[in-house]
Amino acid sequence: MWFFGLQRRGFAPSSARRHPRVNTAQKQILKTWIAAGLWLFLIAGESTDLASTYNTSRVLYPILHFLMGLDPIRFLTWHFYIRKLGHFAGYFMLSLLLFRAWRATLRGVSLSRWSIQWAGIAFFMAALVASLDEWHQTYLPSRTGALHDVLLDSFAALIAQIVIFLWLSSRRRPPSVIETEMRSQSG
């Protein structure tokens, strides 16, 4: 008797319901969301004081000075572009990972490899994260939130979706079972 007989009435989980099996499709969906979630945590970590201009210059300047002999004045330009490249790469990857996650989650009956729905949700989520990231930075004394960074991050997310579309549309899709059957019946 489990908690006043609730098990007999169907309210308590049986041993089979306590340990549900996860099928392959569910595992794939979970993996894609874990990857996107981990990338979001990375972006959130970079939004803190740890990735401020002062802290990144303390790491990058000695490396670039050693490798390229950069003086402090030239380093300022390099540092600016390296940081912006980091913005672009980070949100490009976030958009790509979100596309994968939404494609796995919302696949439904669609057999297509690309959907405007998956791409749109991924783009707008990445743009939302960029906006929230910059808003958060306005509250940190060592950081500055900037609209041009939101635009750069959103542009990176858009470019990622264009690259995904071009890449998936250029790859030859293997024929589906229905297409194969239709060819065999018509021939």
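The values are calculated or read from the model by the stated rules, or taken from the named source; none is laboratory data. Not measured: the values here are computed from a predicted model. We place every Cβ from the backbone using ideal geometry, glycine too, and count neighbours over all the protein chains shown.
Filter segment 72-113 down to the residues that are in a loop (DSSP other than H, G, I, E, B) and either loosely packed, with under 15 Cβ neighbours inside 10 Å or in contact with a Ser or Thr (Cβ under 7 Å, 6 or more places away or on another chain) (or both) and list them by number. Outline the logic, then answer.
Here is the first cut: in segment 72-113, the ones in a loop (DSSP other than H, G, I, E, B) are 106-113.
LEU106, GLY108, VAL109, SER110, LEU111, SER112, ARG113 - these are the residues of segment 72-113 that are in a loop (DSSP other than H, G, I, E, B) and either loosely packed, with under 15 Cβ neighbours inside 10 Å or in contact with a Ser or Thr (Cβ under 7 Å, 6 or more places away or on another chain) (or both).
Could you say which residue among VAL163, VAL129, VAL150, VAL177 is over 27 Å from TYR54 (Cβ atoms) and modelled with pLDDT of 90 or more? Let's see the steps before the verdict.
Values: VAL129 fails: over 27 Å from TYR54 (Cβ atoms); VAL150 fails: over 27 Å from TYR54 (Cβ atoms); VAL177 fails: modelled with pLDDT of 90 or more.
Criteria check complete, one pass: VAL163.
Condition first: modelled with pLDDT of 85 or more and polar (S, T, N, Q). Now tell me which residues in segment 45-55 satisfy that.
Hits for segment 45-55 are SER47, THR48.
Do you know which residues across segment 43-71 are β-branched (Val, Ile, Thr) and assigned to a helix (DSSP H, G or I)? It would help to see each step written out before you state the result.
Kept after step one, since they are β-branched (Val, Ile, Thr), are these residues of segment 43-71: 43, 48, 53, 56, 59, 63.
ILE43, THR53, THR56, VAL59, ILE63, listed by residue number.
When you go through (1) over 26 Å from TRP118 (Cα atoms); (2) modelled with pLDDT of 90 or more; (3) surrounded by 13 or more Cβ atoms within 10 Å (Cβ to Cβ) one by one for ALA12, which number turns out not to apply?
Only one criterion in (1) over 26 Å from TRP118 (Cα atoms); (2) modelled with pLDDT of 90 or more; (3) surrounded by 13 or more Cβ atoms within 10 Å (Cβ to Cβ) is unmet by ALA12, namely (2).
Please go through segment 114-151 and give me each residue that is surrounded by 17 or more Cβ atoms within 10 Å (Cβ to Cβ), part of a helix (DSSP H, G or I) and either in contact (Cβ under 8 Å) with a residue 40 or more places away in the chain or over 13 Å from the mean Cα position of the chain (by Cα) (or both), ordered by number.
Answer for segment 114-151, where residues must be surrounded by 17 or more Cβ atoms within 10 Å (Cβ to Cβ), part of a helix (DSSP H, G or I) and either in contact (Cβ under 8 Å) with a residue 40 or more places away in the chain or over 13 Å from the mean Cα position of the chain (by Cα) (or both): ALA119, VAL129, ASP133, GLU134, GLN137, ASP149, VAL150.
Any residue at all in segment 73-83 that is under 26 Å from the mean Cα position of the chain (by Cα), among the aromatic types (Phe, Trp, Tyr) and over 30 Å from GLN28 (Cα atoms)?
We begin by selecting, within segment 73-83, every residue under 26 Å from the mean Cα position of the chain (by Cα); these are 79-83.
Checking which are among the aromatic types (Phe, Trp, Tyr) leaves us with 80-81.
So of that shortlist, the ones also over 30 Å from GLN28 (Cα atoms) come out as 80-81.
Within segment 73-83, one or more residues are under 26 Å from the mean Cα position of the chain (by Cα), among the aromatic types (Phe, Trp, Tyr) and over 30 Å from GLN28 (Cα atoms).
Which of the residues that make up segment 84-113 are under 9 Å from the mean Cα position of the chain (by Cα) and not basic (Lys, Arg)?
If we filter segment 84-113 for residues that are under 9 Å from the mean Cα position of the chain (by Cα), which is where we start, we get 90-101.
GLY90, TYR91, PHE92, MET93, LEU94, SER95, LEU96, LEU97, LEU98, PHE99, ALA101 - these are the residues of segment 84-113 that are under 9 Å from the mean Cα position of the chain (by Cα) and not basic (Lys, Arg).
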